[in-house]
Amino acid sequence: MDHSNYVIDEMISAKSIAARVESLAREISEYFADTDKLIVIGLLRGSFVFIADLARELDLPCEIDFLETSSYGNSTESSREVRILKDIRGEIEGRDVLVVEDIVDTGHTLKQVTEMLLTRKPKRLKICALLDKPSRREVDIRADWTGFEIPDKFVVGYGIDYAQRNRNLDHIGAVRFIEE
């Protein structure tokens, strides 16, 4: 199938995302209120817009770090093989950590990443995901905070891409491929 012809149907508006990010930040700030510094780890590349907006709304001292993984390539299907392309720079032992993910799909990436980070002995490790597709879950993992639960549709926008395109949309849209 030629995946070059598609349209994007808006699912979640920029306004809805902004409101939800604000409320997630309030809940996370409350939970970590006693921290001396929260280490916010964004999973690249899909989470970069979300982490920037979320971090600006957090009422906490923060350190931002990034971890880059790969499980999709240019496909719409996860390979289920998670490769670490870029590890975090800072130490997390004894620290409060918030892992920020764009979307929890099969759960393989998030599960492997959290298992790896837990071996580094953080004080607390919590997960915040912008989107969750529970119908696609193949492993037992859940985010502690979720922005939106969505149906099993391939989505783009707000940092999430398809073949490195559409990350710059201000909303979340469902990709609909057009048959020729």
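Every number in this text was worked out from the coordinates using simple rules, so none of it is lab data. Everything quoted here is computed from the prediction, not taken from an experiment. All Cβ positions, even for glycine, are placed from backbone atoms using ideal geometry, and neighbour counts span all protein chains on display.
State the extension gain, in nm to one decimal, for the chain segment bounded by L118 and S13, taking 0.36 nm per residue of separation less the distance between their alpha-carbons. Numbers along the way, then the final one.
Details: separation 105, 0.36 × 105 = 37.80 nm, distance 3.45 nm.
Once the chain is fully extended between L118 and S13, it gains 34.4 nm.
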- request: Subtracting the Cα-Cα distance from 0.36 nm times the residue separation, let me have the gained length for R56 to D36 in nm, one decimal.
  value: 5.5 nm
- prompt: Taking the Cα centre of the chain as the origin and placing charges on Cβ (Lys, Arg +1; Asp, Glu -1), which of G107, A19, N166 is farthest toward the positive end of the dipole?
  reply: G107
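Report the FRET efficiency, 1/(1 + (r/R0)^6), for R89 and H171, where r is their Cβ-Cβ distance and R0 is 41 Å, rounded to 0.05. It would help to have the intermediate numbers written out before the result.
Numbers: r = 32 Å, r/R0 = 0.78.
It comes out at approximately 0.80.
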message: Looking only at region 14-150, where both bridge partners belong to it, what percent of the DSSP beta bridges are antiparallel (to the nearest 5)?
response: 10
query: What residue among V99, V155, V139 has the largest mean-square fluctuation in a Gaussian network model of the chain, using Cα springs under 10 Å?
result: V139
C-alpha center-to-center spacing [region 131-180, region 1-45] in angstrom: 11
task: At a Cα cut-off below 24 Å, give the lysines reachable from K133, other chains included and same-chain residues fewer than 8 away excluded.
output: K15, K111, K153
task: Identify which of L117, L44, L98 has the largest mean-square fluctuation in a Gaussian network model of the chain, with springs joining Cα atoms closer than 10 Å.
output: L117
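Can you show me the helix-derived [θ] at 222 nm for the chain, built from DSSP H runs with n ≥ 4 at -39,500 (n - 2.57) apiece and divided by the number of residues, rounded to the nearest 500.
Values: 3 runs with 39 residues, N = 180.
My calculation for the chain gives -7000 deg cm²/dmol from helical runs alone.
Please work out the FRET efficiency for the pair V82 and Y6, using the Cβ-Cβ distance as r and a Förster radius of 25 Å; give the result to the nearest 0.05.
Working: r = 26 Å, r/R0 = 1.04.
Calculated value: 0.45.
With +1 assigned to the C-beta of every Lys and Arg and -1 to the C-beta of every Asp and Glu, and no other charges, what is the dipole magnitude of the chain about the Cα centre in debye, to the nearest 20? Spell out each step's value before the answer.
Details: 25 positive and 34 negative charges, 64 e Å.
Charge dipole, the chain, about its Cα centre: 300 debye, nearest 20.
Please identify the DSSP H helices in the chain that span no less than 18 Å along the helix axis (Cα) and have a mean Kyte-Doolittle hydropathy of -0.5 or more.
On the way: long enough: 14-31 (26 Å, -0.16).
Counting only whole DSSP H runs, the qualifying helices are 14-31.
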